[in-house]
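Below: one structure, written as structure tokens.
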Amino acid sequence: MFVRWFECRKRTPPRDVLAEARAAFDAGDYAAALAMWEPLARAGVARAQNNIGACFTDGMGVERDPALAVRWLSLAAEAGDMVGRRNLATAYFKGLGVVGAPVRALLSPEEIRAAELDARQSPPEAAA
């Protein structure tokens, strides 16, 4: 039980860090916000992962990079962040970062992983 509590605490940063980063973002200081979110995101904080993904989606404080945005948003979505899931679905729907994105927007992360695994295991179809 203690281990579960400790793991949860490790992934949940003090609320003031996220709030401070959000305040910097809202003030237009994207570099400061990203500097605060990055260590949190790398530590597995889903909301920070989502926020970085959103920055790469729209090019706020960083060069616009749809593929990198989808990678960060995928981490947030897989960790259960509902905003991250919505943002990932929106990115897929808009066709950002992946082929077949509108179809992927309708699938859960588990369904996407299963489809990708199935595609890798299926033999290629012969050309007619």
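Here are the numbers:
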read-out: Answer from Leu34, Leu40 - the residue that is in contact with a Cys (Cβ under 8 Å, 6 or more places away or on another chain) and under 17 Å from Leu18 (Cα atoms); value: Leu34
read-out: Condition check for Arg64: touching a Ser or Thr at 6+ places or on another chain (Cβ under 9 Å), surrounded by fewer than 16 Cβ atoms within 10 Å (Cβ to Cβ) and modelled with pLDDT of 90 or more; value: yes
read-out: Residue ID - modelled with the lowest pLDDT, chosen from residues in the stretch 9-27 that are of a type in the set (Lys, Arg) and loosely packed, with under 15 Cβ neighbours inside 10 Å; value: Arg9
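The values are calculated or read from the model by the stated rules, or taken from the named source; none is laboratory data. The structure displayed is predicted, hence computed values, not measured ones. When we count neighbours, we look across all protein chains shown, and the Cβ atoms used for this are built from the backbone with ideal geometry, even at glycine.
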